[in-house]
Amino acid sequence: MPLRISPDKNQPSVAIEIPLEQPLPDYDLHQIVLPTPREIDAVLVSQGFRDLVDDARGVLTELIANPPPLPNSSLLVDLDLTQIPHFEIVQLTGAICPGDEEVYRPGLWIILRDVMAPQKQSLGEIALEHVHVIIEALVKRLGLI
């Protein structure tokens with residue numbers, strides 16, 4: 001899945017774009033590859049997509065409160081437990097995601113911010129690793145893969 005995680009420069013936040021790669025019949029999202037952004041707008045305002053966003057917010061809130069452990073294969077070691085990131089959801093909404101060959105997909109746009117990190121400082125490697133683990137768990141729990 002071509003999800004994008006883009007840390008902000010000089011801010012303790014990160015933007016995440018998760019394009020839908022497969023239909024989600026549970027959300028009545030059957031056609032997810034469309035030729036124009038205008039057609040994606042119709043998907044983003046559908047009840048099924050709004051339900052997906054609501055479910056994503058609930059799952060993400062839970063994952064932020066109880067983050068999955070970092071993988072054992074991680075080379076990152078943080079002995080200072082006070083530096084564990086404390087994320088908040090700044091934004092969670094629908095997105096129009098450009099795809100290959102001039103097609104567009106609906107997706108999720110998420111912005112997370114570490115409320116305990118110093119302002120005007122980018123997220124560190126450990127915080128970014130936490131973001132990756134949280135987003136991977138979100139994608140898996142929502143069945144987006």
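The values are calculated or read from the model by the stated rules, or taken from the named source; none is laboratory data. What you see is a predicted model, and the numbers here were worked out from it, not measured in a lab. Methodologically, a virtual Cβ is constructed for each residue, glycine included, from the backbone with ideal geometry; neighbour enumeration extends over all protein chains shown. Protein only, heavy atoms only, side chains kept; ligands, DNA and RNA dropped before computing areas. Shrake-Rupley method; radii C 1.70, N 1.55, O 1.52, S 1.80 Å.
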TODO: Return yes or no: is Ile134 open to solvent by less than 70 Å² (accessible area, probe 1.4 Å) and either modelled with pLDDT of 95 or more or within 29 Å of Pro23 (Cα to Cα) (or both)?
DONE: yes
Task: Among (1) under 28 Å from Ser122 (Cα atoms); (2) in contact (Cβ under 8 Å) with a residue 12 or more places away in the chain; (3) not acidic (Asp, Glu) - the single one Ser46 does not satisfy - done: (1)
Open item on the list: If Pro118 satisfies all but one of (1) in a helix (DSSP H, G or I); (2) over 30 Å from Asp26 (Cα atoms), what's the number of the condition it fails?
Closed with: (1)
- [ ] State yes or no: is Pro25 open to solvent by 70 Å² or more (accessible area, probe 1.4 Å) and not charged (D, E, K, R)?
- [x] yes
Task: Residues that are open to solvent by less than 50 Å² (accessible area, probe 1.4 Å) and farther than 22 Å from Pro2 by Cα, drawn from region 107-121 - done: Asp114, Ala117
TODO: Find the strands (runs of 3 or more DSSP E) located wholly in region 1-99 whose residues include 1 or more that are in contact with a helix residue (DSSP H, G or I) (Cβ under 8 Å, 6 or more places away or on another chain), among the acidic types (Asp, Glu) and modelled with pLDDT of 95 or more, and list them.
DONE: 87-98
TODO: State all residues of region 92-106 that are surrounded by fewer than 17 Cβ atoms within 10 Å (Cβ to Cβ), touching a strand residue (DSSP E or B) at 6+ places or on another chain (Cβ under 7 Å) and without any contact (Cβ under 8 Å) to a residue 40 or more places away in the chain; if no residue qualifies, say none.
DONE: Pro98
